[in-house]
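Encoded as structure tokens, the structure appears first; notes follow it.
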């Protein structure tokens, strides 16, 4: 079996209408589909929900569930807030910076841009508390080739030591041209 693509990624939201309007306004996503049921199709559990789908570009769909009968949303208290996030690609660093300015003008707090060597990104939260990242690729084919060559060695070392392997230290130590 070979996976063709991600069909959709689904998160919970506090208010489906507010979520759709926020993603349309701030990220330019189109509202594609709404499905509402009083029973969960897979489990047959009586649990009304609204399931909304937004076009995230390139055939990617971002979806949300509003669950009005469930306990209020929260995040995993054992996972740092910076870990769980959805990263979305934008076409250039210029677009990234323009979007940052628009978000900040709308009163949304933005962190970054952060230089990850392979891409630059900004971080912010949607109205549901989900952390979002917008990323603009800056990697060269040579950078990606070098990382591809060491990926399994890095994974193996990490698995044994639980310490960051040094195979790709060039990304952050100024030796980018070395190698």
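Residues considered: 50, 154, 29. Largest GNM mean-square fluctuation over the chain, using C-alpha springs under 10 Å, is found at 154. Debye-formula intensities of segment 68-155, expressed as log10 I(q)/I(0) at q = 0.12, 0.15, 0.21 Å⁻¹, are -0.50, -0.71, -1.04 (one equal scatterer per alpha-carbon, no solvent).
For residue 44 and residue 12, the FRET efficiency from 1/(1 + (r/R0)^6), where r spans their Cβ atoms and R0 equals 22 Å, is about 0.60.
Relative contact order, whole percent, for the chain stands at 16, derived from Cα pairs under 8 Å and 6 or more residues apart.
The residue 32 and residue 159 beta-carbon pair, evaluated with R₀ = 45 Å, returns a calculated FRET efficiency of approximately 0.70.
Residues of segment 10-38 with an amide N closer than 17 Å to a point placed 7 Å from the Cα of residue 79 along the Cα-to-Cβ direction: 10-14. Quick one: plug the Kirkwood hydrodynamic radius of the chain (C-alpha pairs) into Stokes-Einstein at 25 °C, 0.890 mPa s, and report D in µm²/s. My calculation gives 129 µm²/s for D. Normalised by 2.2 N^0.38 Å, where N is the number of residues, the alpha-carbon radius of gyration of segment 24-126 equals 1.32.
Using the reciprocal of the averaged 1/r over all distinct C-alpha pairs, how large is the Kirkwood radius of segment 1-70 in Å?
Numbers: mean 1/r = 0.0774 Å⁻¹.
About 12.9 Å for segment 1-70.
Calculated [222 nm] ellipticity per residue, helices only, for the chain: -8500 deg cm²/dmol; basis is -39500 (n - 2.57) per DSSP H run with n ≥ 4, divided by all residues, nearest 500.
Read the figures in this text as sums done on the coordinates, not as results from a lab. Note that this is a predicted model, so its numbers are computed, not measured. Every residue, glycine as well, gets a Cβ built from its backbone with ideal geometry; the counts of neighbours run over all protein chains shown.
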